[in-house]
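Asker: So that we are looking at the same thing, I have put the structure below in structure tokens.
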Amino acid sequence: QTVRLVDYRPTDFVLLGVAMTLKLFEGRAEVLARLSLERRPGVSANAPLHLDGDELVLESLVLDGAPLAPETYEATPDRLMVRGLPESGRFELAVETRIAPEANSKLMGLFRSNGIWCTQCEAEGFRRITYFLDRPDVLAPYRVRIEADKAAAPVLLGNGNPVDSGELADGRHYAVWDDPFNKPSYLFAVVAGDLDLLADEFVTMSGRKVTLGIYTEKGRSEQAGYAMDALKRSMAWDERRFGREYDLDVFNVVAIADFNMGAMENKGLNVFNHKYVLLDPDIATDTDYAGVETVIAHEYFHNWTGNRITCRDWFQLCLKEGLTVFRDQEFSADERERTVQRIGSVRRLKAHQFPEDQGPLQHPVRPAEYREINNFYTATVYDKGAELVRMIATIVGPQDFRKGMDLYFERHDGEAATIEDFITCFEDAAKTDLSQFALWYAQAGTPTLTVTESWDAKARRHEVTLRQSLARGTAGTGLEPMVLPVRFGLVGGNGEDSVADGQVAGSAKLKDDLIVLTGREATITFNDLPDRPYLSILRDFSAPVTLDHEQSEAARLALARLDPNLFNRWRALDDLVAEAMTTAAKRAPGDTSPALKPVVIEALIALAGDDGLDPAFRAQGLALPGESDIARQIAENVDPDRVHEVVDAARAAIGTAGHAVLERLRDEFASSKEFSPDAASAGRRALSNAALGYISAATRDPGPAIAQYQSATNMTDRSAALAILAHRFPGDPQTERALDDFYRRYEADDLVLDKWFTLQATAPAHDTLETVKRLAAHPRFTMRNPNRVRALVGAFAAANQVAFHRADGAGYEWVAEKLVALDGINPQVSARTATTFRAWRSFEPGRRAKLEQTLRQVSETKGLSKDLQDIVDRSLK
Ligand code: ARG
Ligand code: ZN
């Protein structure tokens, strides 16, 4: 059944406090929850209490100390209804349930991972532990007692502060945790197990000492050092940038091997997929380091944006997620290099959010309805949600943005808030009307911003016309013009922005370097210019739109050299390359004329070789648009083999033309022995490895990659070399030997083994399907570990355009078969994997028919989870 935003109403009963005891045993857990409740004033005296459950077994039910008569309640695995509760005043309902953590393969609620008891409650996992008002607007303080065998679980962790612990009979012990801050059930967490600890402390801006702990599997706490460093930097940054101080005496992080998501911001007890905690140079790449830093920051920042202020209902998910992604992006921009980070975020948005917004799974940033909320933890809610916050900051300016955030924290601390609450704070801070801006939260789809220019040489006048449009999509939401903040510059031949006065005709405002377009169209006229300027538009990607700007190749090449806005320097080239590849991929098969003109290749090489620029930025310049980006731009009748051919040929052409420069970059930037994970060092490695990729593509010689594989002193260089071997030289005996060597070297480490699975699953060759089938039968493959599933099945379906989309449909069949099998174990992971079918309508007729047929087959399978059923049904719509 569908849940709708318009149906929101508060609960009939108010929750005042929760006292719980969890007794953990081998094979089972007993849960006693004592709920202090009160009928909400005005609610009818005979309204029953409805509590949510999910696969629960009720053991006992006691009202104010007296067992309830069976005729006063109804309990099923997913519901508990109690009648005859007091008309007024506080009462206590004690609910006892029994659960089986070891049998919980969905990894929602209380489960066991490598012997460790662990919980995941967002969004609706708490109801798998006890019957509850399991929704985010029900806030209460919790006191939780955990009991377990001392040998199996010497460490017992909960939310809040530790207040008591001690010994029990039979080798058992207990700990009591008290969380004084009101919180919703989705932030509840308990962890118990035999864990190692990395301890540290942080002194907050008001001088309070906070004890920090990162708990890991035995013997791995040393690998949490970088995460700890990132945590302390996050805490300091949130104080500096947003005035937000941590509020409890302890802050704990636990790293877990079996986890559905990246991490979870439970109050005072963040639980992480261990992939986002454990690192050292030998097992982790620079990308892994950056990922740990981001996720640690993200979960920590949730303490204010998510926990202190939470969401009224799940429709408001972007209130905490979009805002917190914006905050973690800003953190990384401040800690690393702003433009490079921005390029990364925009790439990610285009690669994941744009296809979602332009396909059948389209939904507004604030959805109006859902069947399964877990399917809405999407790129749209997270990444487009962050873009909306970024646009608010752009529109109101940095000072009023900070003022609005302060107001938000002041007004809504301790509340479950809405998007309207959030927007109002910026309206009040900046004394402006954001009601039209709010359409961004309600209207799905990527707007197109069309830009045209006209230069009048005699009058020395440049006219720039902006038009916006929004195509009708499957979400069926409104198509009204939105507020588009467009940063721009008029670049002169000297590489400086010309300052020019502009007159606006139409619905837009112009202030300094920002045009805010509010109507469908506006024209800005710039007078008295010395020369025709190069228009640098949508700087820093100031609005999440598809830019349709007809600009000459000469102008773009000039911007790629001259634009003082570095982001747009990168984009000028990226657009040229993407458009050329798109055009080439649309040409008839057999037409092998090169995609990239020599001048474009020269510009790419010039940028890469420009020693005046940051190596990380130069590496971004060398990273070609992905095959799926090109496929999205082609939009219809896509032939993935053809796309691959074009990208492959372009890579070789760049490698050939740029050989001398690329070799120099290798000499200059290849790793020294000393490894440091900082952004500058990572940038040098990225540039050197990008150069190696091109050289290998051009020379068709695996030699340099083999040499780097063998001599590498860190995982970044080793896995970059192995990726080149596995993807450019599949089947070569030297590649086989390197893959075997990698396996033997890292066999003991699951995180590195995931890389080994993924490198092979993403090799762009038709027979990779056979490899993947073989790997699925490998003793180290298991459907029970989400990371492993994502490393093999997920990577194959999402990142192998050639083999997954094999023309005979065998790739689709194999993934579908795995999906259905996986669905019986872990529906959240199966549903996520199934989204790789969503672009089916954009393919050429043969693949389109096979994709559709596969989706229909899955859809008609009996007994699918609500999660998977929802994704396949919406994909077909
Ligand atoms: N709140 C977590 C985070 O973004 C993610 C939770 C994902 N939950 C889910 N049901 N998919 O930090
Ligand atoms: Zn989050």
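Listed here are the residues, each with its yes/no results for (1) closer than 20 Å to N689 by Cβ; (2) not in a helix (DSSP H, G or I).
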residue	(1), (2)
L604	yes, no
D610	yes, yes
F617	yes, no
L624	yes, yes
R632	no, no
G655	yes, no
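Asker: Give G359, G291 a once-over and let me know the one that is small (G, A, S), surrounded by fewer than 21 Cβ atoms within 10 Å (Cβ to Cβ) and over 26 Å from T446 (Cα atoms).
Answerer: Criteria check complete, one pass: G291.
Asker: Residue by residue through region 335-371, note down the ones that are in a loop (DSSP other than H, G, I, E, B), touching an Asp or Glu at 6+ places or on another chain (Cβ under 7 Å) and closer than 30 Å to L613 by Cβ.
Answerer: The one that is in a loop (DSSP other than H, G, I, E, B), touching an Asp or Glu at 6+ places or on another chain (Cβ under 7 Å) and closer than 30 Å to L613 by Cβ: E337.
Asker: Filter region 126-140 down to residues that are in contact with a Gly (Cβ under 9 Å, 6 or more places away or on another chain) and part of a loop (DSSP other than H, G, I, E, B) and give me whichever is farthest from N104 (Cα to Cα).
Answerer: L139
Asker: Could you figure out which of (1) among the basic types (K, R); (2) more than 16 Å from ligand 1 (Cβ to nearest atom); (3) buried (at least 19 other Cβ atoms within 10 Å of the Cβ) isn't true of K384?
Answerer: The single condition K384 does not satisfy is (2).
Asker: Is it true that some residue in region 402-418 is in a helix (DSSP H, G or I) and under 28 Å from G125 (Cα atoms)?
Answerer: Taking every residue of region 402-418 in turn, at least one turns out to be in a helix (DSSP H, G or I) and under 28 Å from G125 (Cα atoms).
Asker: To continue, here is another question. Which residues, taken from region 380-417, are farther than 23 Å from A368 by Cα and among the basic types (K, R)?
Answerer: Residues satisfying the conditions are R402, K403, R411.
Asker: Find the residue count for region 218-262, including only residues that are among the small types (G, A, S) and more than 22 Å from R327 (Cβ to Cβ).
Answerer: Qualifying residue count for the region: 6.
Asker: Out of E245, E293, report the one residue that is in contact (Cβ under 8 Å) with a residue 24 or more places away in the chain, within 23 Å of A393 (Cα to Cα) and away from ligand 1 (no atom under 11 Å from the Cβ).
Answerer: None of the others qualify; the one that does is E245.
Asker: Only one of K866, K877, K862, K850 is at pLDDT below 95 and either surrounded by fewer than 22 Cβ atoms within 10 Å (Cβ to Cβ) or more than 27 Å from G125 (Cα to Cα) (or both); which?
Answerer: K877
Asker: Also, quick follow-up: Return the total of residues in region 648-673 being closer than 11 Å to A608 by Cβ and buried (at least 19 other Cβ atoms within 10 Å of the Cβ).
Answerer: Total satisfying the criteria: 5.
Asker: For region 733-789, which helices (runs of 4 or more DSSP H) that fit wholly inside it have 3 or more residues that are over 24 Å from A810 (Cα atoms)?
Answerer: 733-746, 750-761
Asker: Looking at region 487-496, can you tell me whether even one residue there is part of a loop (DSSP other than H, G, I, E, B) and touching a Ser or Thr at 6+ places or on another chain (Cβ under 9 Å)?
Answerer: yes
Asker: Something else about it: Any residue in region 664-682 that's touching a residue at least 40 places away in the same chain (Cβ under 8 Å): show its pairings with residues that are assigned to a loop (DSSP other than H, G, I, E, B) and of a type in the set (S, T, Y) at Cβ separation under 6 Å, as long as the two are six or more apart or on different chains.
Answerer: K673/T713
Asker: Under 6 Å by Cβ, and 6 or more places apart or on different chains, what pairs join a residue from region 164-189 that is farther than 17 Å from F25 by Cβ with one that is charged (D, E, K, R)?
Answerer: Close Cβ pairs (under 6 Å, with a partner that is charged (D, E, K, R)) amount to V176/R145; V176/D164; D178/R143; D179/K267; K183/K267; S185/D134; Y186/E122; L187/K267.
Asker: Another one. Picking from R98, R83, R28, R4, which residue would you name as being within 23 Å of E147 (Cβ to Cβ) and in contact with a helix residue (DSSP H, G or I) (Cβ under 9 Å, 6 or more places away or on another chain)?
Answerer: R28
Asker: Another one. Consider T378 against the criteria (1) of a type in the set (S, T, N, Q); (2) surrounded by fewer than 17 Cβ atoms within 10 Å (Cβ to Cβ); (3) closer than 17 Å to F326 by Cα: it satisfies all of them except one. Which criterion is unmet?
Answerer: Going through the list (1) of a type in the set (S, T, N, Q); (2) surrounded by fewer than 17 Cβ atoms within 10 Å (Cβ to Cβ); (3) closer than 17 Å to F326 by Cα, T378 breaks only (2).
Asker: Between G225, G207, which is outside any strand (DSSP E or B) and either within 16 Å of ligand 2 (Cβ to nearest atom) or at positive phi (or both)?
Answerer: G207
Asker: Now for a different question. Among what's in region 272-319 and is part of a loop (DSSP other than H, G, I, E, B) and of a type in the set (A, V, I, L, M), pick the residue that is farthest from ligand 2 (Cβ to nearest atom).
Answerer: I283
Asker: Separate question: If you check R774, R718, R728, which single one turns out to be under 16 Å from V793 (Cβ atoms) and out of contact with any strand residue (DSSP E or B) (no Cβ under 7 Å at 6 or more places or on another chain)?
Answerer: R774
Asker: Given V271, V250, V277, V254, which one is buried (at least 23 other Cβ atoms within 10 Å of the Cβ), touching a residue at least 40 places away in the same chain (Cβ under 8 Å), β-branched (V, I, T) and more than 25 Å from A333 (Cα to Cα)?
Answerer: V254
Asker: Does E87 satisfy the condition of being in a strand (DSSP E or B) and of a type in the set (D, E)?
Answerer: no
Asker: Moving on. Quick check on region 321-328. Is at least one of its residues closer than 17 Å to C121 by Cβ and within 14 Å of ligand 1 (Cβ to nearest atom)?
Answerer: Yes, some residue in region 321-328 is closer than 17 Å to C121 by Cβ and within 14 Å of ligand 1 (Cβ to nearest atom).
Asker: I've got another one for you. Among the residues of region 175-216 satisfying the criterion of being in contact with a Lys or Arg (Cβ under 6 Å, 6 or more places away or on another chain) and over 17 Å from Y300 (Cα atoms), which is surrounded by the most Cβ atoms within 10 Å (Cβ to Cβ)?
Answerer: The qualifying residue surrounded by the most Cβ atoms within 10 Å (Cβ to Cβ) is V176.
Asker: Quickly run through region 228-271 and pick out the residues that are within 16 Å of ligand 2 (Cβ to nearest atom), of a type in the set (D, E, K, R) and within 30 Å of G115 (Cα to Cα).
Answerer: E265, K267
Asker: Can you name the residue in region 674-717 that is part of a loop (DSSP other than H, G, I, E, B) and under 29 Å from the mean Cα position of the chain (by Cα) and is also farthest from P281 (Cα to Cα) among such residues?
Answerer: Within region 674-717, the match that is farthest from P281 (Cα to Cα) is D678.
Asker: Would you confirm, using the coordinates I've provided, whether F259 is part of a loop (DSSP other than H, G, I, E, B), surrounded by 23 or more Cβ atoms within 10 Å (Cβ to Cβ), within 14 Å of ligand 1 (Cβ to nearest atom) and not basic (K, R)?
Answerer: yes
The values are calculated or read from the model by the stated rules, or taken from the named source; none is laboratory data. Worth saying up front: this structure is predicted, and the values here are computed from it rather than measured. Neighbour counts run over all protein chains shown; Cβ positions are idealised from the backbone, glycine included.
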